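The structure appears right after this line, and notes come after that.
Bear in mind these aren't lab numbers, they're just calculated from the coordinates by the rules spelled out. Note that this is a predicted model, so its numbers are computed, not measured. Note that each Cβ is placed from the backbone with ideal geometry, even for glycine, and that neighbours are counted across all protein chains shown.
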Amino acid sequence: MEALRTHVAGVDVHKEMLAITVLIGAHDAEPGVEQFECSTFTEELMKCGIKLKEMGVKDVVMESTGVYWKPIYNVWAPLGLNLTIAQAAHVKNVPGRKTDMNDSHWLAQLHRFGLVRASFIPDEIFQRMRLLSRHRTNLTDDLSRVKNRVERVLQDGNIKWSTVVSDTFGKAGLAVLDLLASGEINAGQLAKAVTTKIKRKDEIEKALTNCFTMDHTFVVKELMDQYYYLRDRIKEVERELGEKAKPYRHLIEKLDEIPGIDEILAIGILSEATDKMMHFADERAFAAWAGVAAGNNESGGKKKDQNAGRAIVLTPHQ
């Protein structure tokens, strides 16, 4: 089989070092092999990228190992190197031959013959939006954990507040939680803080009658401080996301028209999928990439259960 590329580098990526194999040779000839290592410090990456350019390397392939490939991409892409990010599951080496240099050599060989499917790398603006959107998701998860901890403390102190209100952290709920955090544990005083309409209003004082101690109120105060901090941080990230997404306002408004999708979720979708739908062959490919379409798992004529899962690799549609 004739090679498609003549100057190729395969990179096995690690946190602190890179194992690099360079293959140089004509399409129909056995290539020359050169192997070396490189530190992942920015200055060393720059020197290594320049070295690859001087060797005539045009195409570089590496696995999408965690976030460790991103610094290499950020330094080498501006140098003009054609970088291909491969999903690890698609380029596994032969068992029993696995060393860092062997892995880099294997990657280079696969790429030399055009056997590596490239992952979709979004434009710079969408990479930044992804960073913010995923950070917001992490903060939201943290906020949910704090809410759950507050509920556990309330239950531990015999407060059945979530039994009578639909949202413990709604307007009425926050008024009660703030009083508890300040040290107020009298059920009558806590009930007076509820000024909004509640269906089970006659049971408010019963639900707030408690066995709270000073330790309970201390923990509630700690958790409420975390709650307000995270809530403010989420609002700040959303503001920053909104600024980044301004050029795509028309797309966000279109997504917002879909039932169940609000503006923040629309920005999240845009951050992940970008504005270039040509990367998806059709709507089915997009659904599979989004993790809402089941995969296939058939052997010997029998189909096994296969849960939908987020696909990592996007092959641009030609």
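Points worth noting:
- Fully extended contour minus Cα-Cα distance, from Thr213 to Tyr68, at 0.36 nm per residue: 47.4 nm
- Straight-distance crosslink candidates among lysines, where the alpha carbon sits under 17 Å from Lys58 and sequence neighbours closer than 8 are dropped: Lys47
- 18 Å Cα-Cα threshold exceeded, pairs from Lys199/Lys221; Lys254/Lys276; Lys160/Lys201; Lys92/Lys303; Lys51/Lys98: Lys199/Lys221; Lys92/Lys303; Lys51/Lys98
- The H on the amide N of Ile198, modeled in the peptide plane, is under 5 Å from the matching H of no residue at least 5 residues off or on a different chain.
- Rounded if a/c under 1.5, otherwise prolate or oblate - segment 180-290, Cα gyration tensor axes: prolate
- Crossing angle, helix 214-244 versus the chain [Cα axis fit, 0-90 degrees, rounded to tens]: 50 degrees
- Per the chain, cysteines lacking a partner by the 4.7 Å Cβ criterion: Cys211
- Between the amide H of Asn158 and those of Cys211, distances stay under 5 Å, these residues lying 5 or more places away or on another chain, with hydrogens modeled in the peptide plane.
- Taking 19 Å as the straight-line reach from the Cα of Lys192, the aspartates and glutamates in range (excluding those fewer than 8 positions away in the same chain) are Asp167, Asp178, Glu184, Asp202, Glu203, Glu205.
- Bridge type composition, segment 7-112 - antiparallel percent by DSSP, nearest 5: 60 percent
- Shape of segment 17-113, Cα gyration tensor, a/c cut at 1.5: oblate
- Sorted largest first, the principal axis extents computed over the alpha-carbon atoms of segment 124-246 equal 56, 31, 19 Å.
- Expressed to the nearest 5 percent, the antiparallel share of DSSP beta bridges inside the chain is 65 percent.
- Segment 64-167 shape via C-alpha gyration tensor axes, a/c threshold 1.5: prolate
- Euclidean distance of C-alpha centroids, segment 285-304 and segment 228-252, integer Å: 34 Å
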